[in-house]
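Beneath this line is the structure, given in structure tokens, with notes to follow.
The values are calculated or read from the model by the stated rules, or taken from the named source; none is laboratory data. Note that the structure is predicted; figures quoted are calculated from it, not measured. Cβ coordinates were reconstructed from backbone atoms using ideal geometry, including for glycine residues, and neighbour counts include every protein chain displayed. Please note that ligands, DNA and RNA were not included when accessible areas were found on the heavy atoms of the full protein model with its side chains. Shrake-Rupley method; radii C 1.70, N 1.55, O 1.52, S 1.80 Å.
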Protein chains: 2
Amino acid sequence: MTKIIDGKAFAEGLGAKISQSIPHFAEQTGRRPGLAVVLVGTDPASEIYVRSKGRMARKLGMESFEHILDEGVSQEELLALVARLNADDSVDGILIQLPLPGHLDSLELVSAIHPAKDVDGLHPVSAGLLASGLPGLVSCTPLGCLMLLESVLGSLSGLDAIVVGRSILVGKPMAQLLLARNCTVTIAHSRTANLAAKVAQADIVVAAVGQADMIKGDWIKPGATVIDVGTSRVIRDGQQKLVGDVEFASAAKTAGAITPVPGGVGPMTIMTLMHNTLLAAYRRNRLADPAL
Amino acid sequence: MTKIIDGKAFAEGLGAKISQSIPHFAEQTGRRPGLAVVLVGTDPASEIYVRSKGRMARKLGMESFEHILDEGVSQEELLALVARLNADDSVDGILIQLPLPGHLDSLELVSAIHPAKDVDGLHPVSAGLLASGLPGLVSCTPLGCLMLLESVLGSLSGLDAIVVGRSILVGKPMAQLLLARNCTVTIAHSRTANLAAKVAQADIVVAAVGQADMIKGDWIKPGATVIDVGTSRVIRDGQQKLVGDVEFASAAKTAGAITPVPGGVGPMTIMTLMHNTLLAAYRRNRLADPAL
């Protein structure tokens, strides 16, 4: 019987643990962990994301600082804002909502965030700490995928994993996390030959491409665990539908466990952001990591 | 007919190009590129390495600064030395010869080197730039392996590569370099199941484990390119011999091209250090990268 991995339920459980870790922090520091989110412009999807991040932070007992800036803000003004947030001790985590308008240099802005406050895990220093096996903040989506995998499989050691997609945001840090858990990791992408045969050998499949149904159900090895990061909006039977990178119906017949879209990886990403904010808050104050 | 990849000849060719790029730098800056090497203690192998690096730098027309310190030097003294070398404009590259005596913290020392002078490519920031696809200095041995691969294969795009070994020094940056060249990359290690079958599927095998003959010749896919980073001293027929991670005699029958040990990757490592020093010198002075 295939297990459908309930990301929503797992995220709620994680949220409860995060909530429970806040009083200890508050006792030690006299304040609550603080997350600053920077939004530029009025993209409706970005506005929804930013609002739900702020709402979740407050719900768990953190402070939320929202900086909503006009579309026309300059790189210099944003750099100055990041510098102020870096210096502000009530801010433990800084997140710049991407994508930014075209006249802004995202990489320079993300790189200006102090790595100790880089709760999105996108700073090159965070990537380097991860690659070097050193403690740092890990990009939220792959961290959520790892938590779901470990919730299903326990130890991942010795398993064959394939990560489809090599983005800096998901695929590459995912590969590093799996490697650190002693998986044998294959990183596949648009130039990969015989993707079907490679997926068919994997005990763990993480799909992070963003192409609806590009991984076919009959590619999946019987019993494999499938984590689907992709979300694409498609029209099916005249209705708009959100689907993943993996053909869910057919894959669910073969897989041992699989995340649905929606309700799998999605709910984890916002909760791992909360997790990272809490961790950043603890570490910046030289407190031992909370039990999560 | 299997091609035996002549690392020594390739390294000499690269050395000639490096040499030719120095006059332009000297004209622009009024000085020659400078490499500082820090050696602690009297380990004979380390002494030989440090001396040959200095000799090669001078031979190519660079300045070499050798800092030989007593075994008993403190972490603080070494950090102060690194700070002076960071501030010294005549120093373009800083290399701390590893391993260091046990009372010293290598990671803290390497992390104290300014990333722009990190010619060994071991700073976590260098790892992060590589993982993020940003320009930085790349660890010498994997860079040398990549150069040899491209010298044999031209474009690596779409090829299946396996990297055996996941060290921060070789395996992990090698995987990043191959991925950036559009290979499908598998990273294998001591916990990998069915290594033979995985090696047998690869168009490119990079072995970086340090276990004599652990990869058997009959695992190699016909026509594959094999890069052997390992060097182990063994006794064969009563004689001491240097051998690689790959069973050379049998692998050479199947492979399309293979590096010998010695004479393959080894000579490249010192030359890529010179390459990195030159590159660091050019970049620190905001000159366009030399043609190498």
Work out the length of the dipole vector of chain A about its Cα centre, built from +1 on the beta-carbon of each Lys and Arg and -1 on the beta-carbon of each Asp and Glu, and round it to the nearest 20 debye.
740
Among the residues of segment A:191-214, which ones have their accessible area go down by 50 Å² or more when all the protein chains sit together, as opposed to their chain alone (1.4 Å probe)?
A:Arg191
Quantify how strongly other chains surround peptide B:176-187 by giving the mean number of their Cβ atoms within 10 Å of each of its Cβ atoms.
5
Please report the net charge: other residues with Cβ closer than 13 Å to the Cβ of A:Gly102, K and R +1, D and E -1.
-3
For segment B:1-72: span of alpha carbons on each principal axis (Å, largest first):
50, 43, 12
Taking each pair of different alpha-carbon atoms in the protein assembly as shown once, compute 1/r for the pair, average those values, and report the inverse of that mean as the Kirkwood hydrodynamic radius in Å to one decimal.
25.7
Return the carbon/sulfur percentage of the accessible area of the protein assembly as shown, one whole number, probe 1.4 Å, all protein chains in place.
54
Subset of B:Lys8/B:Lys172; A:Lys3/A:Lys216; A:Lys172/B:Lys198; B:Lys17/B:Lys221 violating a 27 Å alpha-carbon distance limit:
B:Lys17/B:Lys221
From the C-alpha gyration tensor of segment A:84-228, pull out the three semi-axes of the equivalent ellipsoid (sqrt of 5λ each), sorted largest to smallest, in whole Å.
31, 18, 12
Chain A Cβ-axis minimum, rotational copy B, residue and distance in Å
A:Gly128, 1
Taking R0 as 51 Å and r as the Cβ-Cβ distance between B:Ser74 and A:Thr42, the FRET efficiency 1/(1 + (r/R0)^6), rounded to the nearest 0.05, comes to 0.35
Residues of chain A: accessible area per residue at 1.4 Å, in Å²?
42
Out of all DSSP beta bridges with both ends in segment A:140-267, state the antiparallel percent to the nearest 5.
25
Report Rg/Rh for segment A:212-292, rounded to two decimals, where Rg is the Cα radius of gyration and Rh the Kirkwood radius.
1.18
Please give the helix A:7-20 orientation as an angle from the longest Cα principal axis of chain A, in degrees from 0 to 90, rounded to the nearest 10.
30
re segment A:143-292: pairs of Cα atoms spaced beyond 27 Å account for a percent value of 23
Percent antiparallel among DSSP beta bridges confined to the protein assembly as shown, rounded to 5, stands at 20
Among A:Gly13, B:Gln28, A:Leu109 - extreme Cα towards positive end, dipole of the protein assembly as shown, charges at beta-carbon:
A:Gly13
Total accessible area lost when B and A pair, probe 1.4 Å, Å² to nearest 100:
2600
Other copies of A:Gln239: label-to-label distances in nm, shortest first, labels 7 Å along the beta-carbon direction:
7.7
Mean separation of Cα pairs under 8 Å and 6+ residues apart, divided by the residue count of segment A:140-267: what relative contact order is that in percent?
22
Mind putting a number on the dipole of segment B:140-267 about its Cα centre? Charges go on the C-beta only, +1 for Lys and Arg and -1 for Asp and Glu, and I need it in Debye to the nearest 20.
240
Measuring from the longest principal axis of the C-alpha atoms of chain B, the long axis of helix B:75-87 (C-alpha) lies at a number of degrees, nearest 10, equal to 80
When the distances between all Cα atoms of segment B:29-116 are binned every 5 Å from zero, what whole-number percent does each bin get?
3, 14, 27, 24, 20, 9, 3, 1, 0
Along the three principal axes, how long is chain B when you take its alpha carbons, biggest first, rounded to the nearest angstrom?
52, 41, 35
Taking each residue of B:130-136 in turn, how many C-beta atoms of other protein chains fall within 10 Å of its C-beta, and what is the average?
6
For B:Lys59, list the aspartates and glutamates whose Cα falls under 20 Å from its own Cα; do not include residues on the same chain fewer than 8 positions away.
B:Glu12, B:Glu27, B:Glu47, B:Asp92, B:Asp120
